1. Normalised by the empirical 2.2 N^0.38 Å for globular proteins, what value does the Cα Rg of the stretch 1-149 take?
2. When only alpha-carbon atoms count, how far does the stretch 699-754 stretch along each of its three principal axes, as whole angstroms with the largest first?
3. Efficiency by 1/(1 + (r/R0)^6): what FRET value for Gln216 and Asn322, r their Cβ-Cβ distance, R0 = 25 Å, to the nearest 0.05?
4. Starting from the eigenvalues of the Cα gyration tensor, five times each then square-rooted, give me the equivalent ellipsoid semi-axes of the stretch 237-377, largest first, whole Å.
5. At 1.002 mPa s and 20 °C, plugging the Kirkwood radius over alpha-carbon pairs of the stretch 350-411 into Stokes-Einstein gives what diffusion coefficient in µm²/s?
6. Which GluC sites (Glu not before Pro) does the stretch 535-597 hold that lie in a coil by DSSP with at most 13 other beta carbons within 10 Å?
7. Bin width 5 Å, alpha-carbon pairs only: give the P(r) of the stretch 582-630 as whole percents, running from 0 to the bin holding the largest distance.
8. Compute the distance from the alpha-carbon center of the stretch 170-220 to that of the stretch 661-689, in whole Å.
Amino acid sequence: MTNFFTRYLSNPSWLISSEGWDSKQQNILETQFTLGNGYIGSRGILEEIPRNCFPGTFFSNIYDKTGAQVTEIVNAPNPIDFRVISKGEKLDVTAMDVLKHKRILDMQKGFLIRKTIYQNSKKKKFNYQSMRFFSMHDPHIAAMQVYITPLDDSAHISIESAVNSSITNKGVITEGNKKHVDIIEFIKYDNVNYLCFKTLDQNILLAYGTQLKIEQNKKVSVVSTRSFDLKLKKDETVIITKFFTFYTSQEIPSNRIKNKTIKSIQKITKRGVNQLFNDHCKAWRKKWKKANIEIEGDSKTEKALRFNIYHLLISASTQDINASIKAKALSGEGYRGHIFWDTEIFILPFFIYTHPLIAKNLLLYRYRRLNEARKNAQQKGLKGAMFPWESADTGKDVTPQWYKNVEGKIEKVDTMKYEHHITADVAYGIFHYFTATNDVSFMLKYGLEIILETARFWASRVEQNKRTKKYEINHVIGPDEFHVDVNNNAFTNLMAKWNLEAARKIYLTLKKESPGSVKTITKKINLKIKEMEDWVTIAQNMFVPFSEKTGIIEEFEGYFKLKKLPLPELDSNFLPLLPKKIHTIDKTQFVKQADVVMLLYLLPSAFDYNLKKKNYLFYEKRTLHHSSLSVSMYSLMGVKVGEKIKAYRYFRNSVYADLENIHSNTIDGIHAASLGGTWQAAINGFAGVTIDNGCLSFQPKLPSQWEKIKFLLQWKGYEISVNINKEKVGLYFPSKNKNVNLPIKVYGIMQKLPANKSTVFFRKIKRKISLDTKGFY
């Protein structure tokens, strides 16, 4: 029996597969097998839309509020709707007997294939195979191919192929299902089906173009009707190819969108599916060249890590589409498609070091909403810019007022009122980007203004304690959201302190580089030197709760007085179970997720090794990891403080978070922050890549399971090849300027890395070897 699509597959280290039909796994697989390109995401549904299927088609910046508490990402009409019926029986995994069923996601090439052997009520079998991809070469196009073969007898089959416009967003809390678009036009033009939808709230147009081609007996025909009939002989195969194009009025004017969509579908159908697929694969090769990580000695983890990277790559576009990465990327409706601190702290570093242009675009999303952040601060009687806890298309705070907790009770949401650390997190992301790229132009046009305005916010947010003369930040929520409306959360205070100091530092740096441009910015925002001098005073006198006796940073003022309880028993993934009395958890020292421990990672130079280790061990006994982004931080810091066994255990929980549905909610979408945190745990943790006083540093501590790790890093305009094993670090970067020497630190020693020479640095013997060949890695 021919497997029509396996010839396209990459080697097994790039394949995620599922065998057999299990209805309980259906929605999980839909998330795992999501396809996309950063402009559009499509859940990996089965084409026949079986019972309990959850279709999801998400455009990166299309939101609507109709019928919802707050603005949410639109689950757009579903183009993957393809039904085959034979004598009244639908070829469907929930309607016919399934003798064989296998699906494969090729992560290297970004496509999904399937083979299903059906048996109908008369014991007649059908071989159904399909392949589809959403182009990485041109994000506005996609294609799907289906092969159908009757195996026991001739067959009359009916095909129904459509764009399903009845799709709704799921109901949340008191909401019912919400329909966010209406169809406003459907026409057939020269065998092209053109459909145009409009969002109900903002009147944004979504244009779809489709065309269907049929190949039977080596004859190709075009079908423009929604349904049609075919006669097939035994073992005769029909090939049905469906082409798609997608545009919105955000990038194409409304009066031109129809013409653009129709011309695009005509163009791609002439090129044919094979050429489109080849272009798509070439684009993916370019993506993976910069992003791939090879791990020798742990092939299973290597594949799982690639799964995380794959989902990062389909979450953002190289094009500037004025969008950012959602908490569930483009794979589900979880968190309503909102943007959190996840982007700047967890996800952005991956793109900084693999695709800096995408990192820049993610930061431009924040700059374009800077005025809304200013308004947000003003509404609270504060100065500068205060970024919202949850953001969508406009930059206004779209945090819902109510949520359902783990006990099923509806509770008030307070994060928008108290969780202010996101403002410093955005500034941190910008500073990180600038340090790694040296993109002065970006800073002068966009970045400096944000960092200055966020510092200004913190200066207005602090209160000076009249007794101690220290500056405090009261009424906040830190990353640990179990404890609401607390005073002087250490993470918030120290990140605010960092923001104030960084603003002054980067102002002086850029002033030397371009005094005229910096003067223009300070004049634009009416910033005076005296104001910046006050920032330094505030930063130097910022209060941080800390026990001199034990060396433990108090998560917030009064935390040590809370009830100390032993961790609950662990689940099968070695993660603590939630205590039964969850409603009183704020009275205990239990921590939702990495809080102080994350602070140790983000501001490493602020703490010595002993303090880091004491606090890591202290808070590990209290952290429940009731968030997917927590374990990656514990893995990272576990490496830093010498807890390598724990670090690898936490890393495993992070890297398999969605592959094994560890948090039991993969059906809602991929855990985007976990993806980025996992990459950081591998590269910044085990591979030991950090920034030390503006210098790229390597201090690897590979797990015992890993023999070698290889990857590329983008650093200040150069592409560095990295090859690390347990005894040495190998580095190489090409440059047209042969005299370039990059200052780096390896195993704690300052070194110079020459251009165009493969250089090996040894761990035990403090020496290096430079070769004139690129071949060592």
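The values are calculated or read from the model by the stated rules, or taken from the named source; none is laboratory data. A quick note: this is a predicted structure, and the numbers were derived from the prediction, not measured. Glycine also receives a Cβ, built like all others from the backbone with ideal geometry; neighbour counts cover every protein chain displayed. SASA here: full protein model, heavy atoms, side chains in, ligands and nucleic acids out. Shrake-Rupley method; radii C 1.70, N 1.55, O 1.52, S 1.80 Å.
1. 1.11
2. Computed over the stretch 699-754, the largest-to-smallest principal extents equal 39, 22, 15 Å.
3. 0.05
4. Values: eigenvalues 170, 140, 37 Å².
Semi-axes (√(5λ), whole Å): 29, 26, 14.
5. 156 µm²/s
6. Values: sites: Glu548, Glu554, Glu555, Glu557, Glu569; in loops: Glu548, Glu554, Glu555, Glu557, Glu569.
Sites meeting the loop and neighbour criteria: Glu548, Glu569.
7. The calculated distribution, bin by bin, is 5, 21, 28, 20, 15, 7, 3, 1.
8. If you average the Cα positions of each part, the centres end up 34 Å apart.
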